[in-house]
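Have a look at the structure below before the remarks.
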Amino acid sequence: MIVAIDWLKDFVEIKETPQELADMLTMLGMEAEAVTAAETVENVVTARVSEVNPHPNADRLKLCLVDDGSATHQVICGAPNVYAGQISLLARVGAKLPGGQKIKKARLRGSESFGMLCSERELQLSDSHEGLLDLPSDTALGLDANELFPQPLAAIEFEITPNRPDCLSHYGIAREIALKTGRELQPLSLRRGKENANDVEDFVDIIIDDSEGCPRYIAGIVENIKVGPSPDWMVQRLEAAGQRSINNIVDISNYVLLELGHPNHIFDYRHVPTKKVVIRRAGKGETITTLDDIERKLDDQHLLITDGEQPIAIAGIMGGELSGVTDDTTTVLIESAYFDPVRIRKGSKSLGLMTEASRRFERGADPQATEDAFWRVVNLLEELAGGQAVPGMIDAYPRKVAMPLITLRKSEIDLIAGCEITSDRIATYLSGLGIEWQQSQSDEWLCTPPSFRPDLEREIDLIEEIIRVYGYDNVPVIPNYSGVYDQSPQDTLKPLTHIVNIMVGLGFNQCYSNSLQSADVAGSLGQIPVELMNPLSEEMSHMRTDLLTGLLKADEFNRNNGHPNNRLFEIGQVFTQTQPGFKGIVEEKRMAGLISGTVGTQHFHDSEPAKQSFFHLKGYLEALFNNLDISGVIFKPNSETAQFSHGFDISLQEEELGSLGIINPDYLKKIGLEETGALIGFEINADRLLDIYTQTLEQRRYQRITVFPAVARDINLVLDDNIMVEQVSELVENISGNLLKKIAPMDIFRHKSLGSGKKSITFRVEFQSSERTLTDDDIAKMMDKIIAEAENKLGAELRT
Amino acid sequence: MSLDQQIEAVREQFRTSLDSLLNDSKSVEDIRIEFFGRKGKIAGLFARLKELPASEKPSAGKLLNELRNNLQQQFDQTQEKLESTTSKPAEDYFDYTLPGVPVKRGTVHPIQATMDEMKDIFQTIGFNVAYGPEIDDDRHNFEALNFPPHHPARDMQDTFFVDKQTVLRTHTSNVQIHLMENQRPPLRYLMPGKVYRNEAISFKHYCLFHQVEGLYVDKNVSFVDLKGTVYYFLQKMFGKDVKARFRPSFFPFTEPSAEVDIWNEQRNQWMEIVGCGMVDPNVFESVGYDPAVWHGFAFGFGVERIAMLKYKIDDIRLFYQSDVRFLEQFK
């Protein structure tokens, strides 16, 4: 809503600068978005250049004599197009130009200049600085520039919250100013015509078929109007409020809308040949071509204005093309109605057509303002279009709109506000808000809100108004916390901070990717993604089903920006549609990581940094689990994955937590990314990881430090290539039980001397007992057993 | 030149090179590259093998292997000899100004860091933390929050719909409803999370962002407490001198409602930072709390907005691009 300050002054005294006014209203809940200051021009008049003489000391300057109708001034001018007899604008000494420039007597190259001849740019009429403004030769002299070229009025653009339809007008904003400042609000004085006149009934009959959709419909007729331009003051105000001038009739309609906030409509009476107006529900599939020349297809939620046969307007939204005012219109039918907010909203939404009228009706217009708006239109048609009103006004009001009766208790105001607002103030505010009230007992008021405030329905609505007018800034700031609340569970994601910190410690950068993806990407893993009904674009039409795709994209982005060596991770929600409908949506928290390029960049101590590999990622994951004190995580091959060329499940005690692997280049292609060197990624269920970690924390117990020495032995086994290190470790664990402290492979050796398909692995095994010092004999026995079983079960051979 | 001749020539050159190594005009590394490198002279000779007829290859290969082993041996010996003679820097002069062995550390995303910081601040005044789903039904995102089905306020929420009754949550306020459905008052909770808006993407707007919602319900919670809490947070987050204003606004689920701006000196303008208000009685009714007994306030901070103000980030899209040049600034 753009408000012209000059217009407000019709209703309330304004002493503030535009900025002060904007601030005041912002603190009342009308957020000022932009302030346009008025540009003023003073002491600039039309004048004739009577003589042009060369300047004695400057070739480019001219010494002119300029006649403004009352005096002749010597003015120095540098414009190339100045000529004797030219009529232009003269800024006299003391003049003020837009932008604040002031004109003083000047001395230029030894000659005096009393004023300045103006170009278009100097008056901010255009950017043209070509030369002097050239006015028609019959222009009168001494005319004020403001009359010829009205400067824009000061205006403020407000964002009005949807609960305040009453503020979508100049009068409504003026009312708020009066309320806040205590100044008097001056309503329009309207000529309402004779009370019992009913001539108009010969012209038109109003039939409301749908009184739920149209509780009130006022109509009247004005004859003998002349369509033409609007007066300058009206054009200027409309323009300041962001409305282009069309002609006097259309302008009057718009002017009243912006002034009083109540929409009205003016029909050409010729297009109501049936002499009646029927307001009814539209039929399914019925059509009407609206003013903007678009054929609109309607359904039964739309409310139609018809002449009994043909539709002439979509009620509260837009008029029909055929019934509009044209240059040869002479008699008009004026509509000022109140339509049901929900019906207009549904209608406007289904047509995708929001207008100044529908915006007000759907938020709740004022059913009582219909009459004022009607007379204001009639009065202006008489004043500005030469019209004559047919006496009388038809007021069809089948369904009275009643305002609620609300009890307002001071005790409740005190409780909600948390500070004392006196009863006197409360009463003053209530009156200022237009609320009718009676004090039912001390500190209790029985209130009826005005009809222009459909948002005031409950006590809390009134309390909000009292605190709003009192001023939010006047409410004191007192942080006051007491009491311990027994709330559970505590922050379930608290341990996530630790996980994030571990990943960061391992060199990973945390990412937040877009959760919205294309159908192809979101469906690339074979799950059914959640699809949006109204996506922003095809690229963002589905919810992600995994996190790795986002990291792969991020890695590509960084590679293309000169960062090929990345360690990225993300924690976030993924979604799958397991069955149709809301209940079938499964939301899960995941954590994913991706590594690419080399482990570090080349530097003084490492001229050839290692390439990131499967074992690097496995190492990072082992470090993560180790830091979380989670043991027993195993990795085993998983053939069923599109994402990985070598994929592995990550599991703990038979439960699958996620997977890791080397990204399959075909998969990159599938999701529209470039192929590149090795990328290794993992993705795990973060909800489960958090649960497991939380349990681990609860079960954590101190282990007594063993004082007996540990003994280490190396053992070198020749094994078939298909025997995995883990099989040997398990075998050793089984034999040694709790005497085993640690077993780790130290070296793998392949040589033809071992035989083909064979490898030799050196293991370091450490033993320790918490009860005694292990003897050589203990160790020897255990080693013998290990060797024997390795030979038996794994076909190993001891290499000496 | 035959291969034999070439072998002899290389042998001779190598000898000369070793001499120059001893008189310091060539470095060990120079020689390693010249003879043993991937494009070195020995490799050059091996490359010639493929020009020979198959019958000569084995013997020539043998010759070349001998040459290589022989030269390598000489080279190793010379190097050993050199090392025992070259001067080592005295302990006192080891160059500690050389860079240390670099250790890469990752970074916490600024959204995560900001949310964690906000949690910490509110936890000092007794707010517990709860979370809720990003895809939710109409009841939790709208209806129970006092958005009637055709209320114009739904225009303010540019919502992504999955179906008519299912949305990507437009605010973390859905968690308020989940909490109150499952717990009896009093409550004091913070609810961080990701939310979605169907808005064209620009430097100012993204289709998703993060909020930190707060809810405090007890018998005597007032607007004064709300202001006190918001100011407490703003001072902890932006410093004691933060300049803020509370202005009336409208949200369906609070009444009175306010938006809070803080003054941005750099841009010379007020910046909206939080929407808040007293919980609307209709919300309490929808979760079965008696509004005659319980009062409360709620607020919703935009996390990106706070991070942008704090770190002076001027484009919201940077948060979701995973650009390491951005991420690594938040160490």
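The values are calculated or read from the model by the stated rules, or taken from the named source; none is laboratory data. Computed from a predicted model, the values in this text were never measured in an experiment. Because the Cβ atoms are built from the backbone with ideal geometry, glycine has one as well, and the counts that use them run over all protein chains shown. Please note that ligands, DNA and RNA were not included when accessible areas were found on the heavy atoms of the full protein model with its side chains. Shrake-Rupley method; radii C 1.70, N 1.55, O 1.52, S 1.80 Å.
Annotations for the structure displayed:
- Structure remark: mean-square fluctuation, Gaussian network model of chain B, C-alpha springs under 10 Å; the largest value among B:Arg267, B:Arg139, B:Arg32 belongs to B:Arg32.
- Distance between segment A:498-515 and segment A:54-107 - C-alpha centres, whole angstrom: 71
- Accessible area in the full protein assembly, largest first, 1.4 Å probe, for A:Ser50, A:Ser70: A:Ser70, A:Ser50
- Rounded to the nearest 10 square angstrom, A:Thr706 shows an accessible area of 50 square angstrom against a 1.4 Å probe.
- Counting Cβ atoms of other protein chains within 10 Å of each Cβ in B:5-12 and taking the mean gives 0.
- From phi via Karplus (6.51, -1.76, 1.60), per-residue ³J(HN,Hα) for segment B:186-203 in Hz, x at Gly/Pro: x, 9, 8, 10, 10, 9, x, x, 8, 10, 10, 9, 7, 10, 4, 7, 8, 5
- Three-way shape call for segment A:75-135 based on the alpha-carbon gyration tensor, with the a/c threshold at 1.5: oblate
- Peptides A:213-226, B:202-215, A:361-374 ordered by average Cβ neighbours within 10 Å, highest first: A:361-374, A:213-226, B:202-215
- Each Cα pair under 8 Å and six or more residues apart adds its sequence gap; the mean of these over the residue count of segment A:226-369 is a relative contact order of 24 percent.
- Chains B and A together bury some 7700 Å² of accessible area, summed over both sides, with a 1.4 Å probe.
- Candidate lysines for bridging to B:Lys310, where Cα separation is under 25 Å - those fewer than 8 sequence places away on the same chain excluded: A:Lys494, B:Lys119, B:Lys194, B:Lys204, B:Lys227, B:Lys236, B:Lys240, B:Lys243, B:Lys331
- Cα centroid separation, segment A:129-148 to segment A:545-608 (Å): 69
- Helical contribution to [θ] at 222 nm, DSSP H n ≥ 4, -39,500 (n - 2.57), averaged over chain A, rounded to 500: -8000 deg cm²/dmol
- Mean-position separation - Cα centroids, segment A:394-463 and segment A:754-784, in angstrom: 89
- Using a Förster distance of 35 Å, the FRET efficiency for B:Asp30-B:Tyr96 (Cβ separation, nearest 0.05): 0.80
- Backbone geometry of segment A:593-608 corresponds, through the Karplus equation with coefficients 6.51, -1.76 and 1.60 at θ = phi - 60°, to 3J(HN,Hα) couplings of x, 9, 10, 8, x, 10, 5, x, 9, 4, 8, 3, 8, 8, 7, 10 Hz, x marking Gly and Pro.
- Apolar share of the accessible surface for chain B: 50 percent from carbon plus sulfur atoms, 1.4 Å probe.
- Principal-axis tilt of helix B:173-182 within chain B, Cα atoms, nearest 10 degrees: 70
- Annotation: amide H-H contacts under 5 Å for B:Val129 (H modelled 1.01 Å from N, sequence separation of 5 or more, or interchain): A:Asp491, B:Leu190.
- The angle between the Cα long axis of helix B:223-238 and the longest principal axis of the Cα atoms of chain B comes to about 20 degrees, rounded to the nearest 10.
- Using heavy atoms of the protein chains and a probe of 1.4 Å, the accessible area assigned to A:Ile634 is about 70 Å².
- Helix axis angle, A:459-470 relative to chain A longest principal axis, alpha carbon, degrees: 70
- Segment B:110-330: relative contact order as a whole-number percent, Cα under 8 Å and 6+ apart: 22
- Protein-only accessible surface at a 1.4 angstrom probe places the residues A:Tyr472, A:Tyr485, B:Tyr93 in the order B:Tyr93, A:Tyr485, A:Tyr472, largest first.
- Amide H contacts under 5 Å for A:His646, placed H, 5+ residues apart: A:Ile662
- Remark: relative contact order (chain A) = 8 percent; criterion is Cα-Cα distance under 8 angstrom and separation of 6 or more residues.
- Cut-off 12 Å between beta-carbons: net charge of the residues surrounding B:Thr229, Lys and Arg +1, Asp and Glu -1: +2
- Peptide B:253-261 is shielded by partner chain Cβ atoms: per residue, an average of 5 of them sit within 10 Å of its Cβ.
- Heavy-atom accessible area, probed at 1.4 angstrom with all protein chains present, ranks A:Arg280, B:Arg305 as B:Arg305, A:Arg280, highest first.
- Taking θ as phi - 60° and the Karplus parameters 6.51, -1.76 and 1.60, the scalar couplings of segment A:385-402 work out to 10, x, x, 10, 6, 5, x, x, 9, 8, 10, 8, 9, x, 10, 5, 8, 9 Hz in sequence order, x denoting glycine and proline.
- Annotation: A:Thr181 carries an accessible surface of approximately 50 Å², with a 1.4 Å probe and no ligand, DNA or RNA atoms counted.
- Taking a ≥ b ≥ c as the square roots of the eigenvalues of the Cα gyration tensor, segment B:110-330 is oblate, since a/c reaches 1.5 or more and a/b is not larger than b/c.
- Expected 222 nm ellipticity per residue - DSSP helices of 4 or more, -39500 (n - 2.57), all of chain B, to 500: -11500 deg cm²/dmol
- Taken residue by residue and averaged, Cβ atoms of other chains lying within 10 Å of the Cβ of A:464-475 number 5.
- Chymotrypsin sites (Phe, Trp or Tyr not before Pro) restricted to DSSP loop in segment A:97-185 with at most 14 other C-beta within 10 Å: none
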